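Asks: Handing you this structure, nothing more for now.
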Amino acid sequence: MKTRYILRSMVAGVVALCAMLGFNSCSDDDDIPFHTSKLHSFGPSPAERGTDITILGEGLDGVKEVVFPVDVHVSSFTSRSSDKILVTVPQEAVPGQIKLVMSNGEIITSRSMISFVEEIEIESVAPTTVNVGDIVTVKGEYLYNIASITFDNGHEISTESFTVQTRNELSFRVPAEAASGAITFSNGYDWEETWETPLTVTAPVVNPAGQTACDFGDVITVDGSDLDQIETIVFPGRAEAYFTVNADGTQVSVTVPLDTRSGAVTATLKNGAVIELLDIVLPEIAYTSVTPSTNITAGTKLTITGSLLDRVKEIRFPGGASLTYGKWEVSEDGTEIKVAAPSGLVDGKLTLVQNENIMAETDAISTLKMGNVFWTGNIDFGNWAGFLQVAEECADDVWQVFSSTIKGTGTLTFHFTEDESSTWWQFSPVYRSDWETTFEKSGFTDLAAGANTIQVRVTEQDLEMMHGAGWAFKGCFITLTAAEWEPDSTGDDPAPVTVWTGSLEFDGSWGNKEEIAASAFSALKSGDSLVFTYAPTGTGDAQIKPMDGSWNPLSEALAANEWACIGLDDSGSYTMPLTDGDIDVLQSSGMILSGQHVTVTSIAIK
């Protein structure tokens with residue numbers, strides 16, 4: 001048995017002090033008027049039943065009896081004189097005012113209250129092996145002073161939960177939240193006691209089911225006993241499930257969530273304990289191969305093989321793009337997916353998503369690498385039947401990447417492949433205003449056999465038209481695969497040298513990043529800046545956070561604000577000056593770029 005008395009020694013000291021001071025500091029009643037006898041004080045208080053208290057006053061030899069609360073009469077005194085009475089406190093007395101009954105019928109009532117030292121004593125707790133709902137009975141002394149009972153898991157019940165509470169007996173019903181282990185009683189103030197015999201609460205029993213094969217949305221049942229103690233059921237991946245329990249607690253029925261995976265299903269009881277219900281086996285996707293895996297551009301048809309691929313609901317591509325179910329072809333037997341690579345693709349692995357707990361990664365793929373590429377695609381012109389449009393009214397990713405890249409005059413270089421079954425190939429850059437007027441300095445072109453690039457000059461007039469009716473690129477028997485951009489130099493201000501291109505999309509979670517190797521910055525020299533080309537997403541404050549390869553913010557970022565985040569406007573371009581120290585760390589460790597609410601398309605040295 002473990003008992004703590006926090007203030008008992010203090011109380012004893014106060015009682016002794018009261019006795020030395022004639023009790024005035026304990027129960028000072030001064031003179032009670034209108035009586036021939038007077039009550040000055042009494043003490044000690046708190047008093048201990050079965051021991052004497054002293055009553056001081058005048059004319060006390062006329063006291064016939066002392067009445068303790070509530071209505072407990074004592075007419076036998078240890079001693080009595082005109083100024084002092086010694087009287088034994090009866091066991092039945094409770095806190096309250098005491099009264100002196102005089103021989104002449106007068107009654108003097110104290111102004112002060114008498115209180116008692118009531119040391120709680122626990123003699124027995126039974127039973128200590130229980131089921132939820134059983135009644136436990138505590139026997140002892142002054143049990144009406146117990147304010148709470150705490151179980152081993154910290155769950156507490158208080159007086160309103162007790163079924164019986166008297167001086168010598170206390171009973172309570174075992175709650176579902178109670179855990180096996182120590183049981184501790186407290187008066188809510190300065191006393192607590194942990195009973196010497198731990199409480200054992202019977203746990204639910206689950207009949208072994210072994211591995212259970214099931215599918216998403218199935219209802220499975222588990223048999224056992226006391227299953228009504230279950231608070232929640234959780235499937236692998238922390239997917240909480242809907243369940244019901246029958247009236248006698250012998251069977252639980254639970255629906256398999258759509259966002260779980262194979263593994264152990266657990267139940268958390270109302271007392272916080274966790275038990276295992278069963279082990280489930282679910283149909284899960286598997287990956288085998290992806291082809292092609294190199295020289296991929298936007299629009300390249302990828303073939304992914306595996307099993308249960310008809311259960312894939314999303315494909316996530318390196319670079320941030322994703323496609324949802326219905327935007328690819330899948331075979332009837334679920335062994336093959338054919339999907340076109342989206343714009344903004346970068347090197348890396350695809351992620352096949354069945355749900356948030358079941359995913360499969362492909363082998364790494366790599367994109368076609370060229371100098372200052374800002375767009376990749378796979379547009380088959382056929383015999384003048386296809387085209388590439390660049391226009392704001394089209395509101396697509398082509399407009400976004402062209403308008404954010406081309407800010408002035410310069411040269412567009414288109415990469416293409418020729419249809420080998422044809423003997424002639426043609427290309428024409430035109431304005432969408434009439435689909436016939438060609439660019440100012442570039443017109444209709446017959447392409448030579450074996451050619452794979454063509455250059456288009458962009459003048460101020462062409463640029464103005466891009467932001468007006470827009471552009472269109474058309475031709476016959478070629479397939480456009482990529483576009484590069486080289487802006488013109490102006491005077492002594494050289495054109496930026498692109499060191500990175502892509503489509504790096506940052507959402508509002510700061511969860512994405514791009515790592516750029518140190519070799520990309522080998523041409524940096526003192527006084528250089530970095531030029532970031534971007535497009536705000538419009539969903540929040542557009543920001544970037546440029547850091548070295550050890551995640552330390554660069555100087556311009558440190559100066560921006562306390563979070564080292566650079567705010568971006570709607571201009572689509574930001575020039576960041578570099579200190580010599582920035583250049584040193586970039587050339588030694590490379591760059592890590594993070595951000596939010598913006599898509600970064602290129603980084604250049606200027």
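Values quoted throughout were computed directly from the atomic coordinates according to the rules given, and no laboratory measurement underlies them. Nothing here was measured: the structure is a model prediction, and the numbers come from that model. Ideal geometry is used to build each Cβ from the backbone, glycine not excepted, and the neighbour counts take in all protein chains shown.
Asks: What does the helix-only formula give at 222 nm for the chain: each DSSP H stretch with n ≥ 4 adding -39500 (n - 2.57), the total divided by the residues, and the result rounded to the nearest 500 deg cm²/dmol?
Replies: On the way: 5 runs with 45 residues, N = 606.
It lands at -2000 deg cm²/dmol.
Asks: Let me ask something else. Excluding residues on the same chain fewer than 8 positions from Lys313, give the lysines whose Cα lies under 23 Å from its Cα.
Replies: Lys301, Lys327, Lys338, Lys349
Asks: Using a cut-off of 12 Å between beta-carbons, work out the net charge of the residues near Tyr325 (Lys and Arg +1, Asp and Glu -1, Tyr325 not included).
Replies: Once positives and negatives cancel, what remains is 0.
Asks: Please order Lys407, Lys38 by the number of other Cβ within 10 Å, starting at the fewest. Mind showing how you got there, number by number?
Replies: Working: Lys407 14, Lys38 18.
By the 10 Å Cβ count, ascending, the order reads Lys407, Lys38.
Asks: Same structure, new question: Just rank Asp333, Asp279, Asp548, fewest to most, by other beta-carbon atoms within 10 angstrom.
Replies: Ranked by crowding around the Cβ, least crowded first: Asp333, Asp279, Asp548.
Asks: Another one. Chymotrypsin sites (Phe, Trp or Tyr not before Pro), restricted to the stretch 429-493: which are DSSP loop and have at most 11 other Cβ atoms within 10 Å?
Replies: Here no loop site has a sparse enough neighbourhood.
Asks: At a 10 Å Cβ-Cβ cut-off, how would you order Val74, Val234, fewest neighbours first?
Replies: Listing Val74, Val234 from fewest to most nearby Cβ atoms yields Val74, Val234.
Asks: Less than 15 Å Cβ to Cβ from Thr411, Lys/Arg counted +1 and Asp/Glu -1: what total charge do the surrounding residues give?
Replies: Neighbourhood net charge equals -3.
Asks: Quick one: which residues, 5 or more positions from Leu350 or on another chain, have an amide H under 5 Å from its amide H? H modelled 1.01 Å from N in the peptide plane, none for Pro or chain starts.
Replies: Amide H to amide H, under 5 Å and 5 or more residues apart or across chains, Leu350 pairs with Thr362, Ile365.
Asks: What net charge do the residues around Ser79 carry, taking every other residue with its C-beta under 13 Å from that of Ser79, with Lys and Arg at +1 and Asp and Glu at -1?
Replies: Result for the neighbourhood of Ser79: -1.
Asks: Enter the Cα centre distance for the pair the stretch 234-290 and the stretch 348-410, rounded to the nearest angstrom.
Replies: 41 Å
Asks: Between Thr266 and Asp215, what is the spin-label point distance in nm, taking each point 7 Å from the Cα along the Cα→C-beta axis?
Replies: If labels sit at Thr266 and Asp215, their model points lie 2.9 nm apart.
Asks: Let me ask something else about it. How large are Rg and Dmax for the stretch 373-487 when only the alpha carbon atoms are used, in Å?
Replies: Just the Cα atoms of the stretch 373-487 yield Rg and Dmax of 13.2, 38 Å.
Asks: Take every Cα-Cα pair in the stretch 450-524 and report what % of them are more than 16 Å apart.
Replies: Of all Cα-Cα distances in the stretch 450-524, 73 percent exceed 16 Å.
Asks: Once R0 is set to 60 Å, what does the formula 1/(1 + (r/R0)^6) return for the Cβ-Cβ distance between Ser158 and Ala517, expressed as a FRET efficiency to the nearest 0.05?
Replies: It comes out at approximately 0.40.
Asks: Roughly how far apart, in whole Å, are the Cα centres of the stretch 40-112 and the stretch 461-490?
Replies: Centre-to-centre (Cα) distance: 109 Å.
Asks: Let me ask another. Which whole-Hz ³J(HN,Hα) couplings does the stretch 74-90 yield from phi under the Karplus relation 6.51 cos²θ - 1.76 cosθ + 1.60, θ = phi - 60°, glycine and proline marked x?
Replies: With coefficients 6.51, -1.76 and 1.60, one gets 10, 10, 10, 10, 5, 7, 8, 9, 5, 10, 7, 10, 10, 9, 7, 6, x Hz.
Asks: Helix check for the chain. Which DSSP H runs span at least 30 Å along their own axis by Cα, with a mean Kyte-Doolittle hydropathy no less than 0.5?
Replies: The qualifying helices: there are none.
Asks: Quick one: which of Lys38/Lys99; Lys441/Lys474; Lys139/Lys270 span more than 20 angstrom between C-alpha atoms?
Replies: Distance filter (> 20 Å) returns Lys139/Lys270.
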